[in-house]
Amino acid sequence: MKNIMFIAPPAAGKGTQAEMVVEKYHIPHISTGDILRDISKEDSEIGSYVRETLASGGLVKDEITYSLIEDRLQKDDCKNGYIIDGFPRNLEQAIKYDEILDKLNIDIGNIILIDIDKDILEKRITGRRLCEECNAIYNINEENSKPEVDSVCDVCGGKLYQRSDDNLESFQNRYNTYMEKTAPIIDYYKKKHLLHTVDGNLDKEQVFAQIERIIEGK
Ligand SMILES: [Zn+2]
C-alpha cells in the first residue's frame, strides 16, 4: 500500500486515526518523537547528544532528525507502507523530506489533511478529562464521551483530572504555531496534487471511513 502522511492541527485526532490505520493495515507508525526517544537510549555519540538536548528542553538539530528519518525509512518494516507523524512540520522540512524520498526511491504516497473547525478543537481541548487511575479519556463537552457521574471514571471509579496544558491559552499557542509553520505545507502538497482532505468535524469512525477510502483508492 501507499505511504501515508497526516497533516492536522493540534487535537484533531491525528494520533487516534494513526492508531486505527496501524491496527487495520499493519504498517509501522513512524513518529519523530519516538525515533528521538529511542535513539536517546543508545550508548553512542548521537544518543547522548539527543538525550542531553531533550533533557534540556532544546530542539534536536534538523540535520540529525533528517538522518534518523532516512535510517528509519530504510528498515524492512517500511517496505509495505508506513505512516509518518510529526514530520514535516514546516516547509523547509517538507522540501528536505522530498529529497530524502528521492534519494531512497520511495514514493511519498497519500497526504491526508484532517480539516477541522477551530471551535470544535477548542471544545475538545477544554473538555478533555483523564482518569488518574486507568488513563481513560473523557470529554465533558461531548454527549457520547461524558462520564456518567461528574469527575468519576466509568471504567474504574477513579477521579478525573484536566491536564495542565489542556487549556485555551496553551491550545491557542499550539494552533498559532501550526497555522504559521505547518499550514504552508498544505499548499505545497496541494500544488503537487498529492493532498487529500477529510472532514475532521465528524466522529472518529466517520473520519476513519474517509481515510480508508483514500487508502484503498476508492
Ligand atoms: Zn479509570
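Here, each number is a calculation from the coordinates, and none is a lab measurement. Worth saying up front: this structure is predicted, and the values here are computed from it rather than measured. FYI the Cβ positions are ideal-geometry reconstructions off the backbone, even for glycines, and counts take in every protein chain you see.
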Problem set entry | Extended-chain gain in nm, criterion 0.36 nm per residue less alpha-carbon gap, Asp34 and Asp150 | 38.3 nm
Problem set entry | Farthest toward positive dipole pole in the range 61-193 [+1 Lys/Arg, -1 Asp/Glu at C-beta], among Ser164, Tyr82, Ile120 | Tyr82
Exercise. From the backbone phi of the range 154-168, what are the Karplus-calculated ³J(HN,Hα) couplings (6.51 cos²θ - 1.76 cosθ + 1.60, θ = phi - 60°) in whole Hz, Gly and Pro given as x?
Worked result: 4, 6, 10, x, x, 7, 8, 9, 9, 5, 5, 8, 8, 10, 4
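Pick out, in residue order, every one of the GluC sites (Glu not before Pro) in the range 40-72 that is DSSP loop and has at most 10 other C-beta atoms within 10 Å; say none if there are none.
Values: sites: Glu42, Glu45, Glu52, Glu63, Glu70; in loops: Glu42.
Nothing satisfies the criteria.
Can you give me the convex hull volume of the Cα atoms of the range 63-215, divided per residue and expressed in Å³? Mind dumping the intermediate values first?
Working: hull volume 24.1 nm³, N = 153.
Convex hull of Cα atoms, per residue: 158 Å³.
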Exercise. Relative to the longest principal Cα axis of the chain, at what angle does helix 14-25 sit, 0 to 90 degrees, rounded to 10?
Worked result: 70 degrees
Exercise. Please identify the trypsin sites (Lys or Arg not before Pro) of the range 168-215 that satisfy two criteria: DSSP loop assignment and at most 13 other Cβ atoms within 10 Å. Which are they?
Worked result: Lys192
Problem set entry | Nitroxide proxy distance, nm - points 7 Å out along Cα→Cβ at Lys103 and Glu169 | 4.2 nm
Seminar exercise, completed: With Cα springs under 10 Å, the Gaussian network model of the chain assigns the largest mean-square fluctuation among Ile125, Ile84, Ile95 to Ile95
Problem set entry | Residues listed by number, the range 86-119, amide nitrogen under 18 Å from Gln74 label point at 7 Å toward C-beta | 97-107
For this session: Arrange the following residues from fewest to most other Cβ atoms within 10 Å of their Cβ: Met20, Met179.
Result: Met179, Met20
Seminar exercise, completed: With the charge dipole of the chain built from beta-carbon charges (+1 for Lys and Arg, -1 for Asp and Glu) about the Cα centre, the Cα from Ala55, Ile95, Ile211 projecting farthest to the positive end belongs to Ile95
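Assigning unit charges at the beta carbon (Lys, Arg +1; Asp, Glu -1) and nothing else, what dipole magnitude in debye, to the nearest 20, does the chain show about its Cα centre?
Details: 29 positive and 41 negative charges, 78 e Å.
The calculation lands at about 380 debye.
Counting other C-beta atoms within 10 Å, and keeping those with at most 13, which DSSP coil trypsin sites (Lys or Arg not before Pro) do you find in the range 29-67?
Details: sites: Arg37, Lys41, Arg51, Lys61; in loops: Lys41, Lys61.
Counting only loop positions with at most 13 other Cβ atoms within 10 Å, the trypsin sites (Lys or Arg not before Pro) in the range 29-67 are Lys41, Lys61.
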Seminar exercise, completed: The answer for Ile7, listing residues at least 5 apart or on another chain whose modeled amide H is closer than 5 Å to its amide H, is Ile112, Leu113, Ile114
For this session: Note down the net charge around Thr65, summing +1 for each Lys or Arg and -1 for each Asp or Glu among other residues with Cβ under 14 Å from its Cβ.
Result: -4
